[in-house]
Amino acid sequence: MNSDYLALIFFVTAMVASPGPANVILFALGCTQDSRKSIPFILSVAFSKQLIIWPIGFSLFLINDLINQYSSVMIIVSVLFMSWIGYKIIYMEMSVKDQQNVWVPRFYYGLLVHPLNPKAWLMVTLAFTAFQSNGVSLKSIPNIAIIFFLIQLIFHSAWFWFGSLIRKADLSEKNSRIVKIALLISLFASIVFSYY
């Protein structure tokens with residue numbers, strides 16, 4: 001295995017496993033949802049990274065100007081989307097009680113997570129620029145996409161599972177509020193870190 005790809009695998013593992021908007025969303029979802037109902041959403045979150053890997057890879061391969069224009073628009077849209085996610089976290093109920101009006105995210109919601117996630121943009125751009133000593137090629141784009149997808153399946157599922165442990169613990173209202181505040185701080189800290 002090429003040493004570039006070995007370093008890339010370690011980088012992707014560290015980035016995907018660390019707190020960020022996608023993992024915070026999956027953790028929060030695990031706090032409120034049954035795992036079987038959430039499989040489509042978890043898969044769509046992993047697939048959503050593909051929606052930025054390929055455009056970034058090809059634009060770095062072909063035209064560098066496109067990425068700057070696309071990135072400027074995505075900064076604004078991502079802040080709005082992450083604020084909406086924060087709103088959903090604040091008002092979620094962390095309990096195993098049978099709830100009639102629980103919001104269940106659909107597959108297409110998951111497809112929005114990484115394209116609107118500044119941490120995802122940072123890690124994908126670094127994957128192409130810092131871990132490809134021979135530059136971006138038509139071979140490196142699918143390799144990077146596969147590495148991200150497989151590692152995401154593992155760690156996104158793990159974050160959901162950790163959230164489900166919180167749900168099963170049936171927290172008091174005070175402890176539930178503490179978890180929500182920690183999730184919001186983690187969400188916004190990862191956004192600030194990504195932009196600065």
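Values as computed for the structure displayed
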{"item": "Failed criterion for D170 (all others in (1) in contact with a Ser or Thr (Cβ under 7 Å, 6 or more places away or on another chain); (2) closer than 18 Å to F41 by Cβ; (3) loosely packed, with under 15 Cβ neighbours inside 10 Å; (4) not basic (K, R) hold)", "result": "(2)"}
{"item": "Matching residues in region 103-141 - criterion: being among the charged types (D, E, K, R) and surrounded by fewer than 14 Cβ atoms within 10 Å (Cβ to Cβ)", "result": "R106, K139"}
{"item": "Close pairs (7 angstrom Cβ cut-off, 6 or more residues apart or separate chains): closer than 11 Å to P19 by Cα in region 177-190, modelled with pLDDT of 80 or more and loosely packed, with under 13 Cβ neighbours inside 10 Å anywhere", "result": "none"}
{"item": "Where a residue in region 4-32 is free of Cβ contacts under 8 Å to residues at least 40 places away in the same chain and its partner, wherever it lies, is outside any helix (DSSP H, G or I) and of a type in the set (D, E), with Cβ under 7 Å and at least six apart", "result": "none"}
{"item": "Members of region 145-178 that are among the aliphatic types (A, V, I, L, M) and either modelled with pLDDT of 90 or more or at positive phi (or both)", "result": "A145, I146, I147, L150, I151, L153, I154, A158"}
{"item": "Helices (runs of 4 or more DSSP H) wholly inside region 101-196 that include at least 2 residues being farther than 15 Å from G30 by Cα, β-branched (V, I, T) and more than 12 Å from the chain's Cα centre (by Cα)", "result": "118-130, 140-169, 173-195"}
{"item": "Region 33-43, subset in contact with a helix residue (DSSP H, G or I) (Cβ under 9 Å, 6 or more places away or on another chain), in contact (Cβ under 8 Å) with a residue 12 or more places away in the chain and closer than 30 Å to E173 by Cβ, residue surrounded by the fewest Cβ atoms within 10 Å (Cβ to Cβ)", "result": "S35"}
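The values are calculated or read from the model by the stated rules, or taken from the named source; none is laboratory data. Given the structure is predicted, the values throughout are model-derived calculations rather than measurements. Cβ atoms come from the backbone with ideal geometry, glycine included; neighbour counts cover every protein chain shown.
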